[in-house]
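Here the structure is laid out as structure tokens; the discussion comes afterwards.
The values are calculated or read from the model by the stated rules, or taken from the named source; none is laboratory data. No experiment lies behind these values; they were computed from the predicted model shown. For neighbour counting, all protein chains shown are included, and Cβ atoms are generated from backbone atoms with ideal geometry for every residue, glycine included.
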Amino acid sequence: MPASLVETDVFLALDVGTAFTRAFLFDSVEGQYRLIAVGQAPSSAGPPSHDALLAVEQAIEDLQRLSGMRLLDEDGALIVPTSATGEGVDAVVGTVSCGRPLRVVIMGVLPELSVASARRVVTGAYVDVVATFTATDAATLEEQVQRLVESYPDIIILAGGTDRGARQAVTAHIDLLLWAARLWPLVQRPWILFVGNQALAEGVQKRLGAHYEVRLAPNVRPSITQENIAPAREAFLDIFRLLWAARTPGLEDLHVLTKGRFALSALGFGRLARYLQRLYAPGGVSLAVDLGAAYTTVLWGTLDGAEQRTLPWGLGPGLAPWETQAAFIRQVEAWAPMETLGPQGMRVADFVHWKRWHPFTLPVEEAGVDLEETLARTLLQQVVRHTVGSTPQVDFLLASGGVLSAAPEPQRALLTLLDGVQPRGLTTVVVDYAQMAGVLGVLAEINEYVVVQVVGSAPFSPLATVLSPSWRGQRREGAAVAQVTLAYPHGEAVSRTLHAGQLVRLPLAPGRRAALTVQPQRGVDVGAGPGEPLQREVMGSLLGVVLDGRGRPWQPPADVEARRAQWQAHRQALRRLTQEVRA
Amino acid sequence: MTQGTQELTPGPARPVCHIMPLARVERERRLPRPGQVRVAEGREVTFAEVIAATPKRHRVLILDLARALGLSPKQVRQAIKVRARDRVEKGDILAEWRRGLVRRRVTAPQRGRVMGVDARGRLLLRVGIEWDEVRAGLNGLVARVLEPWGAVIRAEGSYIEGVWGNGQVAAGLLRPLTARRNSPVDEDDLGLEHRGVVGVAGYCVNPKVLARAEELSFRGLIVGGLSHACLEAAREASFPVLVTDGFGPTPMSEEAFRLLTSAEGRSAVVLAEPWDQVHGARPCVMLDLPHISQAEMVRPGEPLLPGQNVRVLDPFHPGQTGALLSSTPRWERLPNGLKAQVVDVRLRNGQRVTVPIVNIEILR
């Protein structure tokens with residue numbers, strides 16, 4: 001794209017979340033795209049307004065006020081494109097994450113082939129896969145009919161058979177759907193998305209079309225060795241949007257406002273996470289987490305083999321699956337730096353219910369922030385355990401979500417992440433401070449320059465490079481773990497012995513680079529294998545290089561007083577910079 | 001408008017929690033999925049009446065008629081003696097085929113309903129069905145039918161909304177269990193004189209209270225706050241448990257406590273359904289009044305206005321209400337370092353507090 005065009009475009013990006021709706025304004029400043037301002041309003045998709053667009057309007061008004069730019073005309077309509085006097089915007093994009101998850105049933109022939117591909121079709125969308133049917137299902141026909149009918153899906157993905165391949169299993173699933181149609185009243189019948197053997201497509205339309213809304217898409221498994229997800233995914237997202245828009249007033253208007261450049265936040269987040277991974281750890285393993293109020297989006301793995309999941313877990317309505325689980329509540333209590341909160345002595349367990357039923361409230365006291373961060377730690381531990389696996393070795397960690405992005409100080413966000421994810425090895429940590437990863441992912445579709453230039457600016461500068469050694473068995477507190485040297489390009493260096501239990505911060509400002517050399521003690525793994533040294537060039541960040549000598553997995557003390565003291569000590573340790581830089 | 005701040009155009013309505021001595025309520029009662037509505041507009045209903053239902057579970061049998069009769073699927077069509085939607089009793093003939101002296105029959109193994117026969121000559125017989133039902137929840141009349149979801153029930157009386165309910169609905173006579181809104185209820189507070197009542201208490205942190213209430217055949221329990229330790233017992237209680245304000249040792253708001261305790265001996269319907277944060281329906285208590293005039297219509301949301309009665313949603317101000325001093329939010333950094341849009345509130349105890357706008361709920 002010619003530079004002159006880049007410089008003239010002003011972009012508005014809207015994010016309709018469960019708790020908040022945000023409006024982001026991107027414009028060029030001295031030839032570089034920058035985030036100008038962010039407007040915000042409590043979301044209005046739910047009660048009492050039941051109109052997602054109202055909060056969008058209020059967020060844009062807030063944005064107008066903060067940016068000083070006129071975006072709305074006298075009638076309150078968005079000015080598109082920009083006027084000769086520089087009012088308005090040139091393009092609008094949007095993301096959404098405020099609806100209820102859709103119930104999906106997957107039908108395929110083999111679990112590891114068509115069913116796995118069908119699962120990838122729905123990956124990252126806000127769905128709950130409520131039942132799966134395969135050719136190897138041992139249940140009787142009656143049991144299968146009952147299971148299907150009682151799953152009350154919104155969408156059924158009917159996959160199976162390579163093109164001109166297996167027919168029998170797919171036909172059996174068509175029969176199953178015809179039985180179910182006799183039990184479901186018309187108004188309860190789901191959409192059918194057929195993504196299987198194309199030789200059967202016409203028959204599927206003919207047999208099922210009389211009973212269901214049927215959409216046909218190319219086979220997700222045209223041959224055993226071939227997978228073709230994209231067209232099926234596009235068809236699936238189209239149905240998804242129709243169903244969500246029907247259930248969430250205002251979303252269809254947003255679709256019009258953005259001229260269709262409107263996607264699920266999770267998908268935009270995934271796209272940006274992949275972009276950042278290419279930037280920070282092209283050959284490594286990454287983990288990206290967006291911790292929302294109702295959903296958590298997770299992306300993990302290498303660039304070639306990254307997996308993405310959106311879980312119905314979060315720090316609001318997303319606590320519903322957890323608030324009744326005693327083990328989860330015990331875990332929150334075991335990590336909290338206090339037993340009670342507030343003048344009435346609300347217990348930590350009570351706070352979990354409070355947050356679930358009052359998801360949009362903000363803590364007004366320090367202790368409230370501590371407890372929200374504790375909740376985030378515990379939820380992150382569950383997210384990591386159910387996706388990438390506990391204490392993962394990751395080269396790049398991207399985090400988004402209110403509790404991390406809007407943390408009162410960056411040290412707090414880092415501690416929440418380190419305790420929640422417990423990464424091993426050497427990890428570059430980036431926090432999406434403006435919570436705009438999702439919208440940038442969508443914006444990338446219409447203008448990559450914005451994304452490249454905004455990602456290179458302050459809102460996406462790395463938070464820290466963290467070295468997290470791990471070892472087997474116990475290691476006495478204070479025992480040496482590794483010798484760490486950070487050599488700066490101008491000849492100075494800082495060298496430290498990292499002791500077990502310590503958190504140390506070494507200076508390395510954003511934009512600078514230094515050579516990190518780590519010589520671990522026997523049996524200690526710093527990312528290169530037990531006892532193996534590590535040499536790596538590391539980039540500067542807000543908090544520099546952080547050495548986490550607490551080991552993996554790390555658990556806080558059982559005694560609440562000790563826990564509180566340690567909570568403070570850790571925060572203090574990350575505020576302190578090592579001063580022993582030698583020439 | 002507060003001096004020195006910029007007036008914003010009115011934003012989306014803020015949620016309202018209703019605590020009203022005289023209210024006219026229109027309450028949507030919806031099934032989880034579309035189904036059959038069983039009431040007509042204008043009909044009077046009582047709180048326990050089922051107004052709509054939808055199948056939850058089906059038990060089915062698939063009978064292979066072709067195989068049983070030794071016929072081709074085409075021949076089965078001529079042998080079938082029932083039609084789709086027919087009800088059949090155990091032993092009724094479903095299909096019959098005669099060739100010469102030989103007569104073959106397939107009879108219904110159980111009572112049920114024929115749901116259809118497929119192209120392969122298999123018959124689907126539904127032999128059992130469980131329903132998801134929605135009850136009226138309030139004593140009133142059907143204002144509108146929401147085909148195929150349920151209906152809107154209109155009711156009048158004193159009305160109090162809460163934040164949590166255990167899913168039960170019942171009615172009984174109100175009886176205070178604690179003298180103060182910020183007092184916990186203890187098992188010893190529940191005596192034989194409380195048999196079959198709807199108890200009202202400041203808050204409950206002792207699970208034994210729920211066991212004792214069960215022994216006394218309570219018709220309902222209304223508390224300001226309920227602790228985690230009590231939640232499991234509350235979920236399993238056979239009577240409705242409704243929380244008006246929050247969790248843990250959260251006192252009941254002054255407005256709710258005053259209204260409930262001043263109505264001692266009056267009949268109350270406790271609709272302790274969980275708070276539906278998608279559609280907005282909250283658990284509620286409705287007190288029947290002998291005669292109502294000038295009842296005010298309940299509205300789900302309103303814009304913020306100075307002087308409005310509000311509740312502060314925050315563990316540090318549990319059960320606290322007050323007057324909104326300004327409706328104009330401003331960005332401010334809170335003492336804990338968070339940045340938020342805030343407003344000022346004069347609490348009932350005279351204290352002036354600055355709270356994030358998202359921590360405000362209008363009280364009517």
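Here are the numbers for this structure:
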{"item": "Residue within the range B:121-137 that is in a loop (DSSP other than H, G, I, E, B), on the phi < 0 side of the Ramachandran plot and acidic (D, E) present", "result": "no"}
{"item": "Unique match (being free of Cβ contacts under 8 Å to residues at least 40 places away in the same chain, closer than 22 Å to A:F460 by Cα and of a type in the set (S, T, Y)) among A:T302, A:T296", "result": "A:T302"}
{"item": "Close pairs from the range A:230-248: first basic (K, R), partner not in a helix (DSSP H, G or I), Cβ under 8 Å, at least 6 apart", "result": "A:R241/A:F262; A:R247/A:G99; A:R247/A:R100"}
{"item": "So A:G318, is it touching a residue at least 12 places away in the same chain (Cβ under 8 Å) and outside any helix (DSSP H, G or I)", "result": "no"}
{"item": "The range B:11-24, subset at the interface with another protein chain (Cβ under 9 Å from one of its Cβ atoms) and more than 18 Å from the chain's Cα centre (by Cα), residue modelled with the lowest pLDDT", "result": "B:G11"}
{"item": "In the range A:124-145, residue farthest from A:V195 (Cα to Cα) [restricted to those that are within 11 Å of chain B (Cβ to nearest Cβ) and in contact with a Leu (Cβ under 9 Å, 6 or more places away or on another chain)]", "result": "A:E142"}
{"item": "Residue check, B:R364 over 21 Å from A:V38 (Cα atoms), surrounded by fewer than 22 Cβ atoms within 10 Å (Cβ to Cβ), more than 10 Å from chain A (Cβ to nearest Cβ) and of a type in the set (D, E, K, R)", "result": "yes"}
{"item": "Residue match in the range A:392-399 (condition: surrounded by 23 or more Cβ atoms within 10 Å (Cβ to Cβ) and part of a helix (DSSP H, G or I))", "result": "no"}
{"item": "Given (1) within 30 Å of A:V439 (Cα to Cα); (2) modelled with pLDDT under 90, index of the condition A:H490 fails", "result": "(1)"}
{"item": "Filter result (more than 14 Å from chain A (Cβ to nearest Cβ) and small (G, A, S)) within the range B:67-88", "result": "B:A68, B:G70, B:S72, B:A79"}
{"item": "In the range A:459-470, the residues that are at pLDDT 95 or above and either more than 20 Å from A:G540 (Cβ to Cβ) or surrounded by fewer than 21 Cβ atoms within 10 Å (Cβ to Cβ) (or both)", "result": "A:P469, A:S470"}
{"item": "Which numbered condition A:G420 misses (of (1) in a loop (DSSP other than H, G, I, E, B); (2) crowded, with 23+ Cβ neighbours inside 10 Å; (3) of a type in the set (G, A, S))", "result": "(1)"}
{"item": "Any pair with Cβ under 7 angstrom, 6 or more apart, that starts in the range B:43-56 at a residue that is over 10 Å from B:R29 (Cβ atoms) and within 14 Å of another protein chain (Cβ to nearest Cβ) and ends at one that is in a strand (DSSP E or B) and of a type in the set (S, T, Y)", "result": "none"}
{"item": "Hits in the range A:532-551 - residues which are surrounded by fewer than 21 Cβ atoms within 10 Å (Cβ to Cβ), part of a loop (DSSP other than H, G, I, E, B) and modelled with pLDDT of 95 or more", "result": "A:E532, A:P533"}
{"item": "Total residues in the range A:323-335, condition farther than 25 Å from B:G224 by Cα and surrounded by fewer than 18 Cβ atoms within 10 Å (Cβ to Cβ)", "result": "2"}
{"item": "Lone unmet requirement of (1) modelled with pLDDT under 90; (2) surrounded by fewer than 16 Cβ atoms within 10 Å (Cβ to Cβ); (3) within 13 Å of chain B (Cβ to nearest Cβ) for A:C98", "result": "(2)"}
{"item": "Flag if A:G108 is more than 22 Å from the chain's Cα centre (by Cα), surrounded by 20 or more Cβ atoms within 10 Å (Cβ to Cβ), closer than 30 Å to B:R33 by Cβ and away from chain B (no Cβ under 14 Å)", "result": "yes"}
{"item": "Residue list for the range B:89-133, restricted to those being more than 39 Å from the chain's Cα centre (by Cα) and within 11 Å of chain A (Cβ to nearest Cβ)", "result": "B:V117, B:D118, B:A119, B:R120, B:R122, B:L123"}
{"item": "Residue tally, condition surrounded by 19 or more Cβ atoms within 10 Å (Cβ to Cβ), over 17 Å from B:E296 (Cα atoms) and in contact with a Pro (Cβ under 9 Å, 6 or more places away or on another chain), over the range B:129-164", "result": "5"}
{"item": "Candidates B:L221, B:L242 - the one that is surrounded by 24 or more Cβ atoms within 10 Å (Cβ to Cβ), modelled with pLDDT of 95 or more and within 14 Å of another protein chain (Cβ to nearest Cβ)", "result": "B:L242"}
{"item": "Residue among A:A407, A:A367, A:A376 that alone is at pLDDT below 95, surrounded by 23 or more Cβ atoms within 10 Å (Cβ to Cβ) and under 17 Å from A:L315 (Cα atoms)", "result": "A:A407"}
{"item": "Qualifying residue in the range A:336-344 (condition: surrounded by fewer than 20 Cβ atoms within 10 Å (Cβ to Cβ), farther than 24 Å from A:G17 by Cβ and touching a residue at least 60 places away in the same chain (Cβ under 8 Å))", "result": "yes"}
{"item": "Listing of strands (runs of 3 or more DSSP E) fully contained in the range B:262-358 that carry 2 or more residues being more than 8 Å from chain A (Cβ to nearest Cβ) and either of a type in the set (G, A, S) or free of Cβ contacts under 8 Å to residues at least 60 places away in the same chain (or both)", "result": "B:267-271, B:309-312, B:321-324, B:330-333, B:339-347, B:352-356"}
{"item": "Residue in the range A:429-437 that is part of a helix (DSSP H, G or I) and at negative phi present", "result": "yes"}
{"item": "Residue pairs meeting the criteria (Cβ under 7 Å; at least 6 apart or on separate chains; first over 13 Å from A:C98 (Cβ atoms), in the range A:43-68; second part of a helix (DSSP H, G or I))", "result": "none"}
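Conditions tested, residue by residue: (1) out of contact with any helix residue (DSSP H, G or I) (no Cβ under 8 Å at 6 or more places or on another chain); (2) away from chain B (no Cβ under 14 Å); (3) not aliphatic (A, V, I, L, M).
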| residue | (1), (2), (3) |
| --- | --- |
| A:L371 | no, no, no |
| A:L398 | no, yes, no |
| A:T427 | yes, yes, yes |
| A:M436 | no, yes, no |
| A:I446 | yes, yes, no |
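One line per residue, one yes/no per condition, for (1) touching a helix residue (DSSP H, G or I) at 6+ places or on another chain (Cβ under 8 Å); (2) among the hydroxyl-bearing types (S, T, Y); (3) not assigned by TED's automatic domain parsing to the domain that holds B:L177:
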site	(1), (2), (3)
B:S253	no, yes, no
B:A281	no, no, no
B:R311	no, no, yes
B:P315	yes, no, yes
